[in-house]
1. Net charge around Glu23, counting only other residues with Cβ within less than 14 Å of its Cβ (Lys, Arg = +1; Asp, Glu = -1)?
2. Apply the a/c threshold of 1.5 to the C-alpha gyration tensor of segment 46-110 and tell me whether it is rounded, prolate or oblate.
3. Within segment 295-334, which trypsin sites (Lys or Arg not before Pro) sit in a loop by DSSP and count at most 14 neighbouring Cβ atoms inside 10 Å?
4. Determine which lysines satisfy two conditions relative to Lys176: a Cα distance under 19 Å, and not lying fewer than 8 residues away in the same chain.
5. Given a 1.4 Å probe, how much area per residue of the chain is accessible, in Å²?
6. For segment 131-214, run through the trypsin sites (Lys or Arg not before Pro) and keep only the ones in DSSP coil with at most 15 other Cβ atoms within 10 Å of their Cβ.
7. Can you tell which of Asn309, Leu274, Val287 lies farthest toward the positive end of the dipole of segment 269-312, using +1 and -1 charges on the Cβ of basic and acidic side chains (Lys, Arg; Asp, Glu)?
8. What do the square roots of 5 times the Cα gyration tensor eigenvalues come to for segment 208-332, in whole Å, largest first, as semi-axes of the equivalent ellipsoid?
Amino acid sequence: MAQKVEIVIDGKTVEMPVLEAAEGLNVIDVRGLIKEGMFTFDPGFLSTASCDSRVTYIDGDNGILLYRGYPIEQLAENSSHLEVCYLLLNGELPTQAQLDAFIGDINERMPLDDHFKHIFDGFTENSHPMSMVCAAIAGLASLFHEQLDISDAGYRKEAALQLIAKIPTISAMAYKKSIGEDFVEPDPSLNYAENFLHMCFGKRGEAPNISPTLSKALDKIFILHADHEQNASTSTVRMAGSTECNPFAAIAAGTAALWGPSHGGANEAVLDMLLEIGDVSKIEEYVEKAKDKDDPFKLMGFGHRVYKNFDPRATVMQSSAHAVLEEQGASNDPLLEVAQNLEKIAREQDYFIDRKLYPNIDFYSGITLKAMGIPIPMFTVLFTLGRMPGWITHWTEMVANPFKIARPRQLYLGEHKRDYTNIENR
Ligand code: ACO
């Protein structure tokens, strides 16, 4: 039955419809409120749905994450990242023929034009790889600007294929630049994760030599990061895209938003924190700092805006992390010992239990990536690579339907109108 909500403004009753969700909470449609001379106030969007979407569903209280209805645990166990990309973009799992064609489309688009590679010449070896990746994604906008027509489904599909295909190449080039080595070209005989590892750790002219344990774990990391509904970076892509800008520019904006330590930068921040703690004997001191309201220190990799029980991605990642650590012989890494003890202490103390602060995916992905030999500044780049299909799917969903430019309002608390004073009179 259609629900509605009534509010009374200066004695006048205003009715607002309630929109029914397929899963999860229904939402009050406040669009008519502006006619009554009022806005809603919700900094950080804690109580606001910014759009409707059919891509991903999260039930934070029960630790559920579904891509197009499929549970993340099933996809991580049985699928591959490129199949998940197809699913996100098209809404359904592919047949074998559709998947083969999609993989062919991606492989064909992986190489970067020779002239475009010079974009990396503007950076030094100690440039942060996220800065290079942001710049290179924004740079792709130049290559795909003349045909720009976001109302054309063909253009949208091409943009999606280009971004999913080129992000491993760009990411690996950013890494090679940071270590001063020659770029390695993509190899169409390798799968997506293998190709990325080959472009990072292979040498030009040498045959690929990829560990199946590492490529499987990396593919799983990509699947687990592929989408997460209206998170900060995806909302940034939608917001930038709502101006009808070039989609590659909108994705570059999302990449910049992902960089922050409260979002995708957390896996890098986890490792920085573990290095800072350094030894099991220091854990108690850092846990006390995290609990101290006068200290800005937080336990990186703990807590989540939406998951207030457990992060289902963290559960999958935890077991995958162990396989990698074993193969890499890193089980005795002192950092890992710090991580395991930190997790145990934080899970036992009331401060963390009361606030439902559990280890999130970044906690385990940080440890896994470290064991794989991926340098810490590259961690957020790996997240960027994984999240690409989610961003471009949300952009596509938005522009393929009627949409408005995102233009929030504000609660103004500044000065009232006042007259300018000449400088000599101040
Ligand atoms: N360490 C210590 N205390 C914490 C932590 C933490 N990691 N996270 C939250 N808290 C405390 C807050 O101080 C607050 O305490 P109070 O109620 O006494 O004031 C309470 O828990 C609620 O925290 P909020 O900041 O209100 O939670 P919010 O949902 O806004 O923030 C966030 C979520 C940003 C993820 C936060 O938990 C955090 O900063 N975690 C560390 C960074 C991190 O791991 N980010 C990754 C996010 S997941 C991702 O992007 C894939």
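1. That works out to -3.
2. Prolate, because a/c is 1.5 or more and a/b exceeds b/c.
3. Filter output for segment 295-334: Arg305.
4. By straight Cα distance, Lys176 reaches Lys117, Lys166, Lys203, Lys370.
5. With all protein chains present, the chain gives 51 Å² per residue.
6. Lys203, Arg204
7. Highest projection toward the positive end goes to Asn309.
8. Those come to 29, 24, 13 Å.
The values are calculated or read from the model by the stated rules, or taken from the named source; none is laboratory data. None of these values were measured; they are calculated from a predicted model. FYI the Cβ positions are ideal-geometry reconstructions off the backbone, even for glycines, and counts take in every protein chain you see. For the accessible areas, the whole protein counts, side chains as well, though only heavy atoms, and no ligand, DNA or RNA atoms are used. Shrake-Rupley method; radii C 1.70, N 1.55, O 1.52, S 1.80 Å.
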